[in-house]
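Please treat every number below as a calculation from the coordinates, not as lab data. Since the model is a prediction, treat every value here as computed from it, not as a measurement. With ideal geometry, Cβ positions are generated from the backbone for all residues, glycine too; neighbour counts draw on all protein chains shown.
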Amino acid sequence: MAIEIRGMAPLLQVYDIGVSLRFYCDILGFSLVSPKEWSGEYLDWALLQWNGVELMLNTIYEREFRPPQPDPARSANHDDTCLFFSCPDVDGAYQHLLSKGMQLKPPKDTPYGMRQLYLHDPDGYNLCFQWPTATA
């Protein structure tokens, strides 16, 4: 018998979970599932959800060991991790993100039949919103 899988929830290690929560919830549209509410106090971990997609955030450092600034080398290494989101309206996502003040390159069509919009989260993780083009 094969293993039954019903979903996946990637875990991202983040420097400042408050900054990440504001990005993923206020800009992208995720909802905070656990804890159920957040009033700005310190958190070590959070579960987010958006249309059945789950994402977990975890602080890189315990509060008492967190350096005053993120390590730029660590953030640069996050670029090799990419989360791909199935997004039927890539151009609408682009306009939404622009309206939230993000500086982005416009979406592009790939030779393999996908319309894609790439951006980075506050910790340098690569995100791609994509959908097959009409010619795919």
### Message
Between S34 and H120, what's the calculated FRET efficiency when r is the beta-carbon distance and R0 is 35 Å? Round to 0.05.
### Response
0.90
### Summary
CD proxy, 222 nm, the chain: helix-only mean residue ellipticity via -39,500 (n - 2.57) per DSSP H run with n ≥ 4, per residue, nearest 500, stands at -4000 deg cm²/dmol
### Task
Starting from the Cα gyration tensor of segment 76-136, take the square roots of the eigenvalues, sort them a ≥ b ≥ c, and report rounded, prolate or oblate (rounded when a/c is under 1.5, otherwise prolate if a/b is larger than b/c, else oblate).
oblate
### Query
GluC sites (Glu not before Pro), restricted to segment 5-61: which are DSSP loop and have at most 16 other Cβ atoms within 10 Å?
E37, E41
### Message
Along each principal axis of its Cα atoms, how long is the chain end to end? Whole angstroms, biggest number first, please.
### Response
53, 46, 28
### Message
Let me check against my output: what whole-number percent is the relative contact order of segment 54-129, with C-alpha pairs under 8 Å and at least 6 apart?
### Response
35
## Note on the structure
Hull surface over four for the Cα convex hull of segment 1-63, reported in nm², is 5.1
### Task
Work out which chymotrypsin sites (Phe, Trp or Tyr not before Pro) in the chain are exposed loop sites (DSSP not H, G, I, E or B, at most 16 other Cβ within 10 Å) and give the longest gap free of them.
62-111
### Query
So how far, in whole Å, is the C-alpha centre of segment 82-136 from the one of segment 16-64?
21
### Query
Among I5, I17, which comes first, then next, by fewest other beta-carbon atoms within 10 Å?
I5, I17
## Note on the structure
Measuring from the longest principal axis of the C-alpha atoms of the chain, the long axis of helix 90-99 (C-alpha) lies at a number of degrees, nearest 10, equal to 40
